[in-house]
Amino acid sequence: MNRISKENYYLDIAQTVLERATCLRRVYGAIIVKNDEIISTGYNGAPRGRKNCVDMGYCTREAMQVPRGERYELCRSVHAEANAIISASRRDMVGGTLYLVGRNAQTGELLSDATSCAMCRRTIINAGLARVVIRNTPTEFTVVDVQEWIDGDDTIAPEMGGCGCK
């Protein structure tokens, strides 16, 4: 019997979480795991009590023709990574791993270039997470050592991609 790797097991769960996302551009799911236990989950969507883009029928950034990776302050969504971190206690997250999966909201295709935006990278660093595992294909993934984001402080810039709606 061939078992999937732990990384793909957790990425599959994060991929299920993204089914709750409400962005019209890109949907993301994230889970935080420590010591083989899921600590929390998160997906991108509007703050509680506010209308989601899917409910309004449009994306503000898209309507304003904002290019991908820019002007996240105009986005209605809280990013998947931030929602997972908000839902967990820091003491439970320190040293843990965040698993991230993204999909194109229109086509349903997995994003081969999913990554955390500069704001989420800072949040991940402050949460004390040690690794981020990002799905590239149904079986391939990239493992990021968060220490690289700390050491390479110059790389935490808006042009480094993003998460949430793009």
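The values are calculated or read from the model by the stated rules, or taken from the named source; none is laboratory data. Worth saying up front: this structure is predicted, and the values here are computed from it rather than measured. When we count neighbours, we look across all protein chains shown, and the Cβ atoms used for this are built from the backbone with ideal geometry, even at glycine. What goes into the accessible areas is simple: the full protein's heavy atoms, side chains included, and nothing from ligands, DNA or RNA. Shrake-Rupley method; radii C 1.70, N 1.55, O 1.52, S 1.80 Å.
Return the residues of region 63-94 that are in contact (Cβ under 8 Å) with a residue 12 or more places away in the chain, open to solvent by 50 Å² or more (accessible area, probe 1.4 Å) and either assigned to a loop (DSSP other than H, G, I, E, B) or in contact with an Asp or Glu (Cβ under 6 Å, 6 or more places away or on another chain) (or both); say none if nothing qualifies.
ARG68, GLU70, ARG76, SER87, VAL94 - these are the residues of region 63-94 that are in contact (Cβ under 8 Å) with a residue 12 or more places away in the chain, open to solvent by 50 Å² or more (accessible area, probe 1.4 Å) and either assigned to a loop (DSSP other than H, G, I, E, B) or in contact with an Asp or Glu (Cβ under 6 Å, 6 or more places away or on another chain) (or both).
With (1) farther than 19 Å from ASN44 by Cα; (2) modelled with pLDDT under 95; (3) within 16 Å of the chain's Cα centre (by Cα) as the list, and ALA130 as the residue in question, which single condition is left unmet?
Tallying (1) farther than 19 Å from ASN44 by Cα; (2) modelled with pLDDT under 95; (3) within 16 Å of the chain's Cα centre (by Cα), ALA130 fails exactly one: (2).
Looking at THR115, is it under 19 Å from LEU18 (Cα atoms) and either open to solvent by less than 20 Å² (accessible area, probe 1.4 Å) or hydroxyl-bearing (Ser, Thr, Tyr) (or both)?
Answer is yes for this residue.
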